[in-house]
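The values are calculated or read from the model by the stated rules, or taken from the named source; none is laboratory data. All values reported here derive from a predicted model rather than from experimental measurement. Ideal geometry is used to build each Cβ from the backbone, glycine not excepted, and the neighbour counts take in all protein chains shown. Areas reflect the complete protein model, heavy atoms only, side chains present, ligands, DNA and RNA absent. Shrake-Rupley method; radii C 1.70, N 1.55, O 1.52, S 1.80 Å.
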Amino acid sequence: METAAAVAAFGTDPARAHSGQLARADELRIDGTVPGSAVSVSLSPGLAGTGSNDPCSPSALEVAKLAALAEFAAGAGHEINNPLATIVGRVQALLKHEQDPGRRQSLATIAAQAFRIRDMIGDLMVFARPPVPVPQRLVLNDAIRAVVDRFQEAASERSCSLTFQADVTAFATVDPTQLNVVLSELVRNSLDAVPASAGEIRAGVALMALDGRDYAVSIVADNGRGLNATDRAHLFDPFYSGREAGRGLGFGLCKCWRIVANHGGWIDIGSTLGVGSTFRVFWPASDVPLETLSRSTG
């Protein structure tokens, strides 16, 4: 989409977007709010060179909290997985020889719930100790567009609008599989948040320069209920019951934080209660070695 209105919707200047120049931090506003009018906090892994008054400055308390949760998750996931594997194995063995329909149904239910726990453990371990990224230089636009296309059916089922728009081409240095996980979780999160039949989700990209580094920014914005200060404070907590805020449960968002932090990036959330929320993910856009960008993430 090449219109000035479309560019303005993502907070970038049309002339600069077409000239390929980078947008400033205060221009990356997709939700129509101005700085200070919304709940807006950045989760950064400790980006060097940002001051404490910078809008992209890390929240040390939140980063430390999530890091502690990751350590707990690693230990708990391992301990839970061992007896779970025994339960699944025994159920599968019993199913091979069980002929009674009622008992087979009961065993199948046990197996289904055990596999559900297994999937949760999988998310837990990704959050706790995600695979080491294998970064590639790719077109961020193409990755977001593919995720938007994949979720079109889910959006149609809710009679929601899910669109992608961009007037710049953003190159990012990321692990494509992990990038897909993050983008998918953010789109799914917005689908959970928007009202049925009136939901609107917009995805896009922007470019930003900060402290001599270039970043490709993936953006997912929705017109859901928005977040109050309490919702925002717990948004990345595993299993936080955010249903009142319209958000899903589980490890989706904290898993996103972990993956992005390992890439040397960060997540910025802007939200206005009653208007909607915007999630911006800052990815490395240059060929700076990943070890340099992520040395403070652990």
Checklist entry - Which ranges mark the strands (runs of 3 or more DSSP E) fully within the stretch 121-175 that have 2 or more residues being aliphatic (A, V, I, L, M) and touching a Pro at 6+ places or on another chain (Cβ under 6 Å)? => result none
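Conditions (1) at pLDDT below 50; (2) surrounded by 24 or more Cβ atoms within 10 Å (Cβ to Cβ); (3) among the charged types (D, E, K, R); (4) closer than 26 Å to ALA128 by Cβ, marked per residue:
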| position | (1), (2), (3), (4) |
| --- | --- |
| GLY248 | yes, no, no, yes |
| CYS254 | no, yes, no, yes |
| ALA261 | no, yes, no, yes |
| THR272 | no, no, no, no |
| GLY276 | no, yes, no, no |
| VAL288 | yes, no, no, no |
| LEU293 | yes, no, no, yes |
| THR297 | yes, no, no, yes |
Item to check | Single residue of ARG116, ARG104, ARG90 found to be exposed (fewer than 11 other Cβ atoms within 10 Å of the Cβ), assigned to a helix (DSSP H, G or I) and not small (Gly, Ala, Ser) | outcome: ARG116
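Given the residues ALA155, ALA193, ALA143, ALA128, which is the only one that is closer than 19 Å to ASP214 by Cα and either open to solvent by less than 30 Å² (accessible area, probe 1.4 Å) or in contact with a Gly (Cβ under 7 Å, 6 or more places away or on another chain) (or both)? Spell out how you get there, then give the answer.
Values: ALA155 fails: closer than 19 Å to ASP214 by Cα; ALA193 fails: closer than 19 Å to ASP214 by Cα; ALA128 fails: closer than 19 Å to ASP214 by Cα.
When all the criteria are applied, what remains is ALA143.
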Checklist entry - Given the structure, is THR109 open to solvent by 20 Å² or more (accessible area, probe 1.4 Å), under 20 Å from ARG280 (Cβ atoms) and not hydrophobic (A, V, I, L, M, F, W, C)? => result no
Checklist entry - Are any of the residues in the stretch 223-234 under 26 Å from ALA154 (Cα atoms), open to solvent by 20 Å² or more (accessible area, probe 1.4 Å), at pLDDT 85 or above and not in a loop (DSSP other than H, G, I, E, B)? => result no
Checklist outcome for this item: If you go through ALA143, ALA128, ALA112, the only one that is within 16 Å of the chain's Cα centre (by Cα) and within 30 Å of ILE87 (Cα to Cα) is ALA128
